[in-house]
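Here's the structure we're looking at; comments come further down.
The values are calculated or read from the model by the stated rules, or taken from the named source; none is laboratory data. This one's a predicted model, so the numbers in the text were calculated from it and none came from an experiment. Please note: Cβ atoms are built from the backbone with ideal geometry, for glycine as well, and neighbour counts cover all protein chains shown.
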């Protein structure tokens with residue numbers, strides 16, 4: 001099921017698109033667009049699909065979704081009842097990252113926001129007290145006009161960039177995003193994995209790229225991520241397989257092979273370990289609109305978010 005491209009038109013007097021939507025239910029299916037999107041679900045509940053991530057959403061939900069990331073907010077069945085009077089309300093902000101030209105986004109004061117926009121390629125769902133504060137800020141933005149809206153939007157982005165109360169929607173394997181900071185050596189490791197997904201990837205090769213002996217690399221990797229390199233590799237392969245199945249309509253067996261799993265049984269086992277669901281049931285959650293599935297999987301490093309810990313990268317710089 002390929003997501004459809006959505007072209008949004010802004011007014012000549014606007015560089016940022018603001019939507020205040022009140023409808024019986026969410027109506028836009030699986031889609032993507034070049035704009036970065038901030039979504040505040042003031043009232044509704046259902047299931048969100050972002051990349052390969054499936055999560056439950058309720059009133060007060062706030063997410064930021066990067067450009068061209070497929071997503072779908074699907075309201076619960078009760079919102080489709082013709083007699084229902086509950087309805088949904090959402091405040092949506094969409095903007096192209098080019099509004100922050102190169103000189104502006106590279107200012108020292110913009111480092112955190114630049115980082116946030118990069119991380120949004122995995123989709124970010126905000127949690128805790130931050131969610132309430134961001135909701136209040138979004139409501140404030142919609143009460144303003146002109147340049148005041150833009151300055152308050154930048155403030156909102158800074159608030160989002162500095163909170164630790166968030167979860168990623170999609171996995172690293174789906175988004176091809178590996179870290180918060182652009183550290184050369186670890187990016188090379190991830191690039192090597194992505195370019196060789198269909199081939200056997202040996203620990204010795206990756207350790208050599210990192211310029212660490214295999215034994216030290218294993219200890220270092222497990223210490224900072226809480227998992228073995230083989231587990232990390234399998235989770236990237238699973239994220240890649242999800243992307244192939246969802247956006248390329250490739251079969252389960254085909255996605256298995258193109259993600260480096262030559263044994264379908266092993267692929268099924270690893271898929272269930274990472275996604276907490278079988279491949280066929282996972283596809284049904286996207287393709288069968290009548291099926292209700294609530295999943296809050298957290299593949300890869302979300303348990304500790306080690307990649308996003310500055311101390312992790314400080315230690316890494318000392319090792320390399």
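Points worth noting:
- Just one of the listed residues (233, 203, 195) is loosely packed, with under 15 Cβ neighbours inside 10 Å and either under 26 Å from residue 263 (Cα atoms) or at pLDDT 85 or above (or both), namely 195.
- Pick from the range 150-160, criterion touching a residue at least 40 places away in the same chain (Cβ under 8 Å) and surrounded by fewer than 18 Cβ atoms within 10 Å (Cβ to Cβ), ranking: farthest from residue 16 (Cα to Cα): 158
- Across the range 52-91, the qualifying residues are those that are assigned to a strand (DSSP E or B) and surrounded by fewer than 18 Cβ atoms within 10 Å (Cβ to Cβ), and the one among them that is modelled with the highest pLDDT is 89.
- Selection count, the range 11-62, where residues are out of contact with any strand residue (DSSP E or B) (no Cβ under 9 Å at 6 or more places or on another chain) and closer than 21 Å to residue 148 by Cα: 3
- If only residues of the range 245-262 that are part of a helix (DSSP H, G or I) and modelled with pLDDT of 85 or more are counted, the one that is surrounded by the fewest Cβ atoms within 10 Å (Cβ to Cβ) is 253.
- Pairs linking a residue in the range 229-246 that is in contact (Cβ under 8 Å) with a residue 24 or more places away in the chain to a residue that is surrounded by 21 or more Cβ atoms within 10 Å (Cβ to Cβ) and not in a helix (DSSP H, G or I), with Cβ atoms under 6 Å and 6 or more positions apart or on different chains, are 235/299; 235/300; 237/259; 239/52; 239/171; 240/259; 241/259; 242/52.
- Residues of the range 193-204 classified as in a helix (DSSP H, G or I) and under 15 Å from residue 236 (Cβ atoms), total: 4
Here is a yes/no grid of residues against (1) in the same structural domain as residue 255 (by TED's automatic domain parsing); (2) in contact with a helix residue (DSSP H, G or I) (Cβ under 8 Å, 6 or more places away or on another chain); (3) without any contact (Cβ under 8 Å) to a residue 60 or more places away in the chain:
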{"site": "191", "(1), (2), (3)": "yes, no, yes"}
{"site": "194", "(1), (2), (3)": "yes, yes, yes"}
{"site": "206", "(1), (2), (3)": "yes, yes, yes"}
{"site": "210", "(1), (2), (3)": "yes, yes, no"}
{"site": "214", "(1), (2), (3)": "yes, yes, yes"}
{"site": "217", "(1), (2), (3)": "yes, yes, yes"}
{"site": "220", "(1), (2), (3)": "yes, yes, no"}
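- Selection within the range 106-152: residues that are closer than 14 Å to residue 15 by Cβ and not in a helix (DSSP H, G or I). The member of this set that is modelled with the lowest pLDDT is 146.
- Against the list (1) surrounded by fewer than 13 Cβ atoms within 10 Å (Cβ to Cβ); (2) modelled with pLDDT of 90 or more, the condition residue 103 fails is (2).
- Residue list for the range 164-176, restricted to those being in contact with a strand residue (DSSP E or B) (Cβ under 7 Å, 6 or more places away or on another chain) and surrounded by fewer than 18 Cβ atoms within 10 Å (Cβ to Cβ): 165, 167
- Residue in the range 20-51 that is modelled with the highest pLDDT, counting only those that are surrounded by fewer than 21 Cβ atoms within 10 Å (Cβ to Cβ) and closer than 18 Å to residue 282 by Cβ: 47
- Hits in the range 27-51 - residues which are assigned to a loop (DSSP other than H, G, I, E, B), in contact (Cβ under 8 Å) with a residue 60 or more places away in the chain and in contact with a helix residue (DSSP H, G or I) (Cβ under 8 Å, 6 or more places away or on another chain): 30, 51
- Residue ID - surrounded by the fewest Cβ atoms within 10 Å (Cβ to Cβ), chosen from residues in the range 263-287 that are at pLDDT below 90 and touching a helix residue (DSSP H, G or I) at 6+ places or on another chain (Cβ under 7 Å): 283
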